[in-house]
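The values are calculated or read from the model by the stated rules, or taken from the named source; none is laboratory data. Quantities reported herein were computed from a predicted structural model and do not represent experimental measurements. We place every Cβ from the backbone using ideal geometry, glycine too, and count neighbours over all the protein chains shown.
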Amino acid sequence: MIKLQRNRAAKAIPASFKDGNLEKKAKSLIDLYYETQAAGASINFKSSAWKPAKGALKKESGGKCAYCEASTATVAHGDVEHFRPKSIYWWWAFCYDNYLFACQLCNQTHKGDNFPISGSLAVAPGMPLIKPDGAALDALAAQFVHDAQAVTDAQMAALWAPEGAHLVNPYFEDPAPLFDYEVDPANEEIWLRSAGGARADDAVSSGDQFLGLNRETLRRDRFAVYAELLVFKEVLDEPVLRESTRRMVGRHVAEMQKQRRPFAGMIRWFAASWALPGPP
């Protein structure tokens, strides 16, 4: 997992998540609440509400799952993932800052509606017993308008901080200090491990349990990429090496650490441990 950057420029945010469309989304969410939630039923959301965000989110993650860093180009289309599950946090269902791009295995097979926290659950907006109209409806809708252009990462992180989420949201927290990697050469696998400390322990434990970050396919896929880096390391360790070769291998090592490359977070960790060239 690597740190991601939310592009809050107007041209980067899909049209349905800015300007007048925000109020429309807010009022449609209110309608859904009064149709179902108020009667004690679960809201049946339609993915068309957040599907327009997929392209921008995928671009920000380099076409990889924001959680496991596996490429979705060849194995899956990927999902718009609600970091805080919409089944629990219905009022965040249409919030752009609650989205990230994730593979179906992390999102659907493992995470589902799970969201472990150590703090207190965020409180939903107060909803009148009867759906208001006119100015009262406009005022209620304003509570659900979340304009990604008008806030910063720091503001959103502060808003959600009291919950103490165990899972890492790479838009609002740098995963690098939390994760270590353990090589199992006999089985040709790489295990994700805690870098030490309570926060790292929670992040790895929840990532393992609720995202499957140590599932067998990932362990093996990580090792395949690691093995490529290991070859480059051994070349650079040669005492006699042509300078042109050294530069070429160094460029390859840097290339493997680019955001769009699979398991870039792991490669950056090993590259730093071995004093190899860092990302470009």
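Against the conditions (1) crowded, with 20+ Cβ neighbours inside 10 Å; (2) among the polar types (S, T, N, Q); (3) farther than 28 Å from residue 265 by Cα, where does residue 61 fall short? Just the number, please. Status for residue 61: all satisfied but (3).
Scanning region 38-67 for residues that are hydroxyl-bearing (Ser, Thr, Tyr) and not in a loop (DSSP other than H, G, I, E, B), we see that the one that is nearest to residue 109 (Cα to Cα) is 47.
None of 195, 161 is within 16 Å of residue 115 (Cα to Cα) and either modelled with pLDDT under 95 or not aromatic (Phe, Trp, Tyr) (or both) except 161.
Within region 202-226, residues that are buried (at least 21 other Cβ atoms within 10 Å of the Cβ) reach partners that are among the polar types (S, T, N, Q) with beta carbons closer than 6 Å, at six or more positions or on different chains, in the pairs 204/194.
I'd like the residue in region 155-184 that is under 14 Å from the mean Cα position of the chain (by Cα) and among the aromatic types (Phe, Trp, Tyr) and, out of all such residues, is farthest from residue 3 (Cα to Cα). Within region 155-184, the match that is farthest from residue 3 (Cα to Cα) is 172.
In the set 113, 133, only one residue is surrounded by fewer than 15 Cβ atoms within 10 Å (Cβ to Cβ), touching a Pro at 6+ places or on another chain (Cβ under 8 Å), farther than 20 Å from residue 218 by Cα and not basic (Lys, Arg); that residue is 113.
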